[in-house]
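All remarks here apply to the structure that follows.
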Amino acid sequence: MRNIYTIFIAAMALLAACTVNDVRQQAASSCEYASYFDILADSAVVAISPFDGSRDTVLVRRPLSRIICMSSTNVACLSAIGADSLVAAVSGAGYLAKLPYEGVPDIGYEAALDYEKILEIKPDLLVTYVVSGAEPQYITKLRSLGVPVLVLHDHLENHPLARAEYVRLFGALTGRMEQADSVFDFVKERYEILADSVKDNSRVKVLLNIPYADAWYIPGAENYMSQLVRDAAGEVLGAEAGASKSRVISLEDAYNLSRNADIWLNPGHCRTRSQLEAVHQLFPSFGPLANGRPIYNNTLRTTPEGGNDFWESGAVRPDLILEDLIQVFHSDGCRNLNYYFRLED
């Protein structure tokens, strides 16, 4: 769920948007990992574009009480700091693994937003995301209607702790910085302890993904998923060194990589080895399937509509994902996994 709507804003008196060029204050709190936001001394929250470096500032006159979330990760951040009740509406409620409360309004998706409902809600802020440097038409329209919009780029952060650090941004928006700092500090410390515990282990070779729309994507070595695998003492086979973007490989390339794989992760919709074998006629000859090596999927907690808690609460709790991967890579028997399960026949 990465969709959310905005509302008519009488709260523009409470929130004012401007560019960072208009803000002269020193940063009150610099981010440890995140690259695309900052928090300034005057209670301003700054979103930084990874596309052109432009900076968009929201001045928080008072803690916000009605926030529309277009992304499930926004809801997870608010939930982590005990601010579920501030979620005024969401985009794609069926994709949420954890609804903040029963009856939360669903405003639809970018191309089909319910603008009337958004205006009725009168949100203090609508938080959304983009996938390119061009501003989508729905954001332009929302702003023209007086709805305050903040565009975040947490999904483009490459380090797992960078994504988790966005809990602090929501702490600043809601007046819960103490809770947010506590959550982030706990997650960071636990993540670093876990990573340190396996830093001397032999690297596990990992085959990742299956074809999506006939294209098999392998993340670059600096990508979010590759970083998680590396911190668990693993190596994503075929990951391009120094790159964060994913690249497409051929089925033949994937087969060759699979011959060296100790484990196969994240095989799409598949929940059994038989299902995976049926995806393509060549799959039964792929290393982990042919040799009986373990295959794990990150879809333990999903919704009927296709939402996946790995991408929701997992964004705030990468320590739990890392804990899973360390068990999967380095333990004979995995118990009480948070997001992963083993594919069986």
**Request:** Among DSSP beta bridges whose residues both lie in the chain, state the antiparallel percentage, nearest 5.
**Result:** 55
**Request:** Report relative contact order for the chain in percent, whole number only (criteria: Cα-Cα under 8 Å, sequence separation at least 6).
**Result:** 18
**Complete:** Counting only protein heavy atoms and rolling a 1.4 Å probe, one gets per residue an accessible area for the chain in Å² of 44
**Request:** Give me the distance in nm between label points sitting 7 Å out from Cα along the Cα-to-Cβ direction at Val131 and Asp52, one decimal.
**Result:** 2.1
**Request:** Measure off, as a whole percent, the carbon and sulfur share of the 1.4 Å-probe accessible area of the chain, all protein chains present.
**Result:** 47
**Prompt:** So what are segment 217-300's ellipsoid semi-axes, whole angstrom, largest first, if each one is the square root of 5 times an eigenvalue of the alpha-carbon gyration tensor?
**Reply:** 21, 14, 12
**Over the chain: helical MRE at 222 nm, DSSP H runs n ≥ 4 each giving -39500 (n - 2.57), nearest 500** = -8000 deg cm²/dmol
**Asked** Dipole size in debye (nearest 20) for the chain around its Cα centre, Lys and Arg Cβ +1, Asp and Glu Cβ -1?
**Response** 220
**Prompt:** Rounded, prolate or oblate: which one fits segment 130-267, using the alpha carbon gyration tensor with axes a ≥ b ≥ c (rounded when a/c is under 1.5, else prolate when a/b beats b/c, else oblate)?
**Reply:** oblate
**Request:** Distance check, please: which entries in Lys205/Lys245; Lys98/Lys122; Lys141/Lys245; Lys117/Lys245 exceed 26 angstrom between their Cα atoms?
**Result:** Lys141/Lys245; Lys117/Lys245
**Request:** Please state, as a whole number in µm²/s, the translational diffusion coefficient that the Stokes-Einstein equation yields for the chain at 37 °C and 0.692 mPa s, with Rh defined as the Kirkwood radius across alpha carbon pairs.
**Result:** 156
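The values are calculated or read from the model by the stated rules, or taken from the named source; none is laboratory data. As the structure is a computational prediction, the values presented were derived from the model and not from experiment. All Cβ positions, glycine included, derive from the backbone under ideal geometry; neighbour counts span all protein chains shown. The accessibility values were calculated without ligands, DNA or RNA, using every heavy atom of the protein model including side chains. Shrake-Rupley method; radii C 1.70, N 1.55, O 1.52, S 1.80 Å.
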